[in-house]
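Peer 1: For reference, the structure I am asking about is given below.
The values are calculated or read from the model by the stated rules, or taken from the named source; none is laboratory data. Note that the coordinates shown come from a computational prediction; the quantities given were computed from them, not determined experimentally. Methodologically, a virtual Cβ is constructed for each residue, glycine included, from the backbone with ideal geometry; neighbour enumeration extends over all protein chains shown.
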């Protein structure tokens, strides 16, 4: 009986460690299922909450490494202003970049999921 309890505790600790350290995901991943959708879809369907952080950037300004990933999407934009929204979880964050395109008024042009420990 004592062995079963010890094994059970070890299994629970192992599973909790896998969950906490998020070993199933890369440090930074694209969220392909959001790219090309509009902000309302991300807000209401995918995240189902308001973002924890939001700000806007101008693509004509010098962007830091974190926001610089959208430079390869510039040809799709119809405006120089891009809105950045971030949702925070316990172990990771998810950020989307939203801009005006020919296709949509608020199209998600890039989306990533990254562990809290990642430094850009």
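Peer 1: Taking interchain pairs and intrachain pairs at least six residues apart, which have beta carbon atoms under 8 angstrom, with the first residue in the range 57-71 and over 11 Å from residue 82 (Cβ atoms) and the second modelled with pLDDT under 90?
Peer 2: From the range 57-71, the pairs are 64/120; 65/120; 66/120.
Peer 1: With the condition kept exactly as written, say whether any residue in the range 101-108 is farther than 18 Å from residue 44 by Cα and part of a strand (DSSP E or B).
Peer 2: Residues of the range 101-108 farther than 18 Å from residue 44 by Cα: 101-103.
Those left that are additionally part of a strand (DSSP E or B): 101.
Yes, the range 101-108 has at least one match.
Peer 1: Looking at the structure I just gave you, is residue 49 more than 17 Å from residue 120 (Cβ to Cβ), touching a helix residue (DSSP H, G or I) at 6+ places or on another chain (Cβ under 6 Å) and either surrounded by 10 or more Cβ atoms within 10 Å (Cβ to Cβ) or at pLDDT 90 or above (or both)?
Peer 2: The answer is no for residue 49.
Peer 1: While we're looking at this one, here's another question. I'm trying to understand the selection: among the residues of the range 90-115, which are farther than 19 Å from residue 56 by Cβ and surrounded by 13 or more Cβ atoms within 10 Å (Cβ to Cβ)?
Peer 2: Selection gives 91, 92, 113, 114, 115.
Peer 1: Take the residues in the range 52-70 that are out of contact with any strand residue (DSSP E or B) (no Cβ under 8 Å at 6 or more places or on another chain) and loosely packed, with under 11 Cβ neighbours inside 10 Å, then tell me which one is nearest to residue 119 (Cα to Cα).
Peer 2: The extreme case among them is 65.
Peer 1: Moving to a separate point now. Say whether the condition of being part of a loop (DSSP other than H, G, I, E, B) and in contact (Cβ under 8 Å) with a residue 24 or more places away in the chain is met by at least one residue in the range 13-23.
Peer 2: The answer is yes; a qualifying residue exists.
Listed here are the residues, each with its yes/no results for (1) more than 16 Å from residue 29 (Cβ to Cβ); (2) in a loop (DSSP other than H, G, I, E, B).
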| site | (1), (2) |
| --- | --- |
| 65 | yes, yes |
| 81 | yes, no |
| 84 | yes, no |
| 97 | no, no |
| 111 | no, no |
| 114 | no, no |
| 117 | no, yes |
| 120 | no, yes |
